[in-house]
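What follows is calculated from the coordinates using simple rules that are stated; it is not laboratory data. Since we're looking at a predicted model, the values are computed, not measured. Ideal geometry is used to build each Cβ from the backbone, glycine not excepted, and the neighbour counts take in all protein chains shown.
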Amino acid sequence: MAWDRSQRDVVFAAVWASGDAICPSDLSALRVRWGPAMGGSYSIAIHCPTCGADVRMGRADDPLGGSLRRWTDAERKRLVEGARADVPVTCPVDGAAIGPQVLAAGGGAGGGRGAWGPR
Ligand SMILES: [Zn+2]
């Protein structure tokens, strides 16, 4: 079963916020696959094992795509300090959860959505 636009938006918002989501049609846990994210682009493939919904999203489909930006130096510093203190940190641009490994890898090449997934 395909999701309508508002269902897709809910699913992707949940994925960005927490890294996973449930199917709006049947409440199954969805499989989320992060594609390669380079040069400010990204791709996400989401599949529901129960109803077979299969949705992909890239930056071109992202409702926030036009408002994304790089982290400022001050934001990056705050994120690194938070990660060192073992405090959960979120992207200052879109609110996506960020793991310390992202920061260690020099993350923020385009904000949370720009180059990295939540996990
Ligand atoms: Zn489903």
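Observations on the model:
- Ordered by the count of other Cβ atoms within 10 Å of each Cβ, fewest first, Thr50, Thr90 give Thr50, Thr90.
- Cα shape, the stretch 7-62, gyration tensor, a/c 1.5 rule: prolate
- Using the Cβ-Cβ distance between Lys77 and Ala17 with R0 set to 35 Å, the FRET efficiency works out to roughly 0.90.
- Loop trypsin sites (Lys or Arg not before Pro), the stretch 15-83, which have at most 16 other Cβ atoms in a 10 Å radius of their Cβ (DSSP): Arg69, Arg70
- Magnitude of the charge dipole for the stretch 1-63, about its Cα centre and with charges confined to Cβ atoms of Lys, Arg (+1) and Asp, Glu (-1), is about 160 debye.
- Of the beta bridges in the stretch 1-93, as assigned by DSSP with both residues counted there, near 100 percent are antiparallel.
- As a proxy for reagent exposure, Ser43, Ser28 were ordered by neighbouring Cβ count within 10 angstrom, fewest first; the result is Ser28, Ser43.
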